[in-house]
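None of the figures in this text is laboratory data; all of them are computed from the coordinates on show. Just so we're clear, the structure is a prediction, and the values are computed from it rather than from any experiment. Please note: Cβ atoms are built from the backbone with ideal geometry, for glycine as well, and neighbour counts cover all protein chains shown.
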Amino acid sequence: MTNNLLLGRAAVAAGAIVVAVAEFALLHSAAGVDLAVRSGSSTRQITVAAVIVATAVAALAGWALLAVLERRTDRSRVWWTSIAVAVLLLSLVVGPPSGVGGGAKATLALMHLSVGVILIVGLPRPRPALAHR
């Protein structure tokens with residue numbers, strides 16, 4: 001992996017984290033949305049640390065899958081994009097509905113969508129050697 005590609009993908013991952021944290025700060029802290037989710041019979045508060053960790057895990061998992069697919073197939077972007085969109089849709093079905101209240105559900109949906117779109121659009125940049133084919 002070239003340095004430019006590595007730095008570009010790291011910047012995309014960092015950008016997704018920054019956007020998620022900014023949304024958390026604006027909607028939770030500034031707008032007063034209580035970000036809590038139901039987990040079984042208990043309720044758990046969403047913290048900024050949880051937002052950072054969840055976004056970083058999603059970015060690194062997506063990056064790792066893309067790297068594996070790039071080594072295994074010539075159609076890595078198509079496969080990766082299809083899988084990433086499916087994972088985003090699944091996360092929207094599972095994550096936001098567990099929010100406590102409409103504000104929490106809307107905020108979680110916005111965060112899932114924005115992080116997903118940033119990663120789906122930003123991570124699969126073509127390798128410099130493949131861009132000239």
So what's the gap between the Cα centers of the stretch 42-89 and the stretch 1-41, to the nearest angstrom?
13
Please work out the FRET efficiency for the pair L5 and V93, using the Cβ-Cβ distance as r and a Förster radius of 35 Å; give the result to the nearest 0.05.
0.65
Phi-based couplings in Hz for the stretch 77-87 (Karplus 6.51, -1.76, 1.60; Gly and Pro marked x):
5, 5, 4, 5, 4, 4, 5, 5, 5, 4, 5
Surrounding charge for G95, neighbours by C-beta under 12 angstrom, Lys/Arg +1, Asp/Glu -1, total +2
V19 versus R72: modelled label distance in nm, points set 7 Å from Cα along the beta carbon direction:
2.7
If you take the Cα Rg of the chain and divide it by 2.2 N^0.38 Å, with N the number of residues, what do you get?
1.16
Net charge near I46 (other residues with Cβ under 15 Å of its Cβ; Lys, Arg +1; Asp, Glu -1) is +1
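Calculate the FRET efficiency for R38 and T81 from the Cβ-Cβ distance with a Förster distance of 41 Å, rounded to the nearest 0.05.
That gives a FRET efficiency of 0.85.
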Pop out the ³J(HN,Hα) list for the stretch 100-116 in order, Karplus 6.51 cos²θ - 1.76 cosθ + 1.60 with θ = phi - 60°, rounded to Hz; leave Gly and Pro as x.
8, x, x, x, 5, 5, 5, 5, 5, 4, 4, 5, 4, 5, 5, 5, x
Whose amide H sits under 5 Å from the amide H of A36, counting only residues 5 or more places off or on another chain, with H placed in the peptide plane?
I46, V100
The stretch 23-37 - phi-based ³J(HN,Hα) in whole Hz, Karplus 6.51/-1.76/1.60, Gly and Pro as x
5, 4, 5, 5, 7, 7, 6, 6, 8, x, 6, 7, 8, 9, 10
